[in-house]
Amino acid sequence: MRVGVVTFPGSNSDVDSMRAVEAVTGRPARSIWHKETSLDGLDVVVLPGGFAHGDYLRAGAMARFSPIVPALERFARAGGPVLGLCNGFQVLTEMHLLPGALVRNAGLRFRSEIVHLRVENASSPFTNAYRDGELVRFPIAHGEGNYVASPETLDRLEGEGRVAFRYVDEAGRPTTGSNPNGSARNIAGILNEACNVLGLMPHPERAADPVLGSGDGRRLFESLLAAVSA
Amino acid sequence: MRARVEVTLKAGIRDPQGHAIERAIANLGYEGVRNVRVGKLITLELTGPREVSERRITELCEKLLANPVVEDFAVLMDERERESPRAGEP
């Protein structure tokens, strides 16, 4: 599996993503500067976490017009798996590859901690190595992760199984207390209609080795490997 | 001509900053202040005929300056503050 990781000015989780990819696939990931214009030869593209362009104006607002974006749009529309983590999720909503938006955390605080998530759809290319309803622990580190969308969009996401991960407590219940940012319906990650684009606020790439406090994120990359090899 | 663009969160979107300011106002002892909302003010200068500028600024708001999913925008054009054109520009 050949994975490309796009670096914007201000990305900070690109190296973590590349390490997680290499640990799982045994092949180094390709680093792609945002000014490049081709994604030829890649099986998967990762938009990493960070603060692209300083999050000026809105998170993801300027990254959305980077020179790499037209190639990214073509790659996604052709069914190529695109994984947007944290800031990458914000970029994907700004690109309209995913519906809704991510706004300031309801509690105003930047939240940096390990959270519990429930796998809501274990049949996507990003989640096939998990079980439906499984609890996993990923870290979060964001100030603007409050997912908002219209009630119709939310109903559609739920109805079509496009909520991939939800914030839950240790018992797996999506409570207000376990929701770190006020996201609608405790949503942590969503899929596009074709299920080849995932946006996720938590960081599986920072939970890809037990020494980091959790190894649960590793299987997200194993899922991609299985999906691409299939 | 100069334009002022106001970007505000849509009515249904929670504004934690506005809420925090509202609490601070109450803590200062002021009564009767409600619905505090925080937005952005962007000022810019455009050259060219007014109708072209108006079209351009609306397009820019929709594309970049505001996210129509969660934000509204309002544009105020002010021709009086027009600055003299730079050399080489129309």
*With respect to the numbered conditions (1) more than 26 Å from residue A:143 (Cβ to Cβ); (2) of a type outside the set (Phe, Trp, Tyr); (3) open to solvent by 100 Å² or more (accessible area, probe 1.4 Å), which one is the sole condition not fulfilled by residue B:19?*
(1)
_The one condition in (1) touching a residue at least 24 places away in the same chain (Cβ under 8 Å); (2) surrounded by fewer than 21 Cβ atoms within 10 Å (Cβ to Cβ) that residue A:210 fails to fulfil_ = (1)
*Go through (1) within 25 Å of residue A:5 (Cβ to Cβ); (2) part of a helix (DSSP H, G or I) and name the single condition residue A:152 misses.*
(1)
*List the number of the failed condition for residue B:5; all other conditions in (1) under 16 Å from the mean Cα position of the chain (by Cα); (2) modelled with pLDDT of 95 or more; (3) not in a strand (DSSP E or B) hold.*
(3)
_Hits in the range A:171-230 (condition: assigned to a loop (DSSP other than H, G, I, E, B), more than 28 Å from residue B:16 (Cα to Cα) and not charged (D, E, K, R))_ = A:171, A:192, A:194, A:195, A:196, A:208, A:213, A:215, A:217, A:230
_When the residues of the range A:180-207 are narrowed to those that are open to solvent by 20 Å² or more (accessible area, probe 1.4 Å) and among the charged types (D, E, K, R), which ends up nearest to residue A:128 (Cα to Cα)?_
A:193
*Need at least 2 residues that are away from chain B (no Cβ under 14 Å) per element, so show me which strands (runs of 3 or more DSSP E) inside the range A:8-103 make the cut, counting only ones lying wholly within it.*
A:30-33, A:44-47, A:82-85
*Cβ-Cβ below 6 Å, separation at least six or inter-chain, first residue in the range B:68-90 and modelled with pLDDT under 55, second assigned to a loop (DSSP other than H, G, I, E, B): which pairs?*
B:82/B:1; B:89/B:47
*Which of (1) under 16 Å from the mean Cα position of the chain (by Cα); (2) in a strand (DSSP E or B); (3) surrounded by fewer than 24 Cβ atoms within 10 Å (Cβ to Cβ) does residue A:165 not meet, given it meets every other one?*
(3)
_The listed residue being among the polar types (S, T, N, Q), out of contact with any Phe, Trp or Tyr (no Cβ under 9 Å at 6 or more places or on another chain) and crowded, with 19+ Cβ neighbours inside 10 Å, out of A:146, A:87_ = A:146
*Got a sec? Which of A:6, A:24 is open to solvent by less than 50 Å² (accessible area, probe 1.4 Å) and closer than 14 Å to residue A:88 by Cβ?*
A:6
*When the range B:37-58 is examined, which residues are found to be at pLDDT below 95, assigned to a loop (DSSP other than H, G, I, E, B) and surrounded by 15 or more Cβ atoms within 10 Å (Cβ to Cβ)?*
B:46
*Of (1) closer than 25 Å to residue A:108 by Cα; (2) polar (S, T, N, Q); (3) buried (at least 18 other Cβ atoms within 10 Å of the Cβ), residue A:175 satisfies all except one. Which?*
(3)
*Which residue pairs have Cβ atoms closer than 9 Å, lie 6 or more positions apart in sequence or on different chains, and pair a first residue in the range A:1-25 that is within 8 Å of residue A:48 (Cβ to Cβ) with a second residue that is open to solvent by less than 50 Å² (accessible area, probe 1.4 Å) and among the charged types (D, E, K, R)?*
A:5/A:14; A:6/A:14; A:7/A:14; A:13/A:205; A:16/A:205; A:17/A:205
*Kindly list the number of the only condition in (1) within 26 Å of residue A:110 (Cβ to Cβ); (2) out of contact with any strand residue (DSSP E or B) (no Cβ under 7 Å at 6 or more places or on another chain); (3) within 14 Å of chain B (Cβ to nearest Cβ) that fails for residue A:150.*
(1)
_Which numbered condition residue A:115 misses (of (1) more than 14 Å from every other protein chain (Cβ to nearest Cβ); (2) open to solvent by 40 Å² or more (accessible area, probe 1.4 Å); (3) touching a strand residue (DSSP E or B) at 6+ places or on another chain (Cβ under 6 Å))_ = (2)
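The values are calculated or read from the model by the stated rules, or taken from the named source; none is laboratory data. Here the structure is a predicted model, which is why all the values come from computation and not from measurement. As a convention, Cβ positions derive from the backbone with ideal geometry for all residues, glycine included, and neighbour counts pool all protein chains shown. Areas reflect the complete protein model, heavy atoms only, side chains present, ligands, DNA and RNA absent. Shrake-Rupley method; radii C 1.70, N 1.55, O 1.52, S 1.80 Å.
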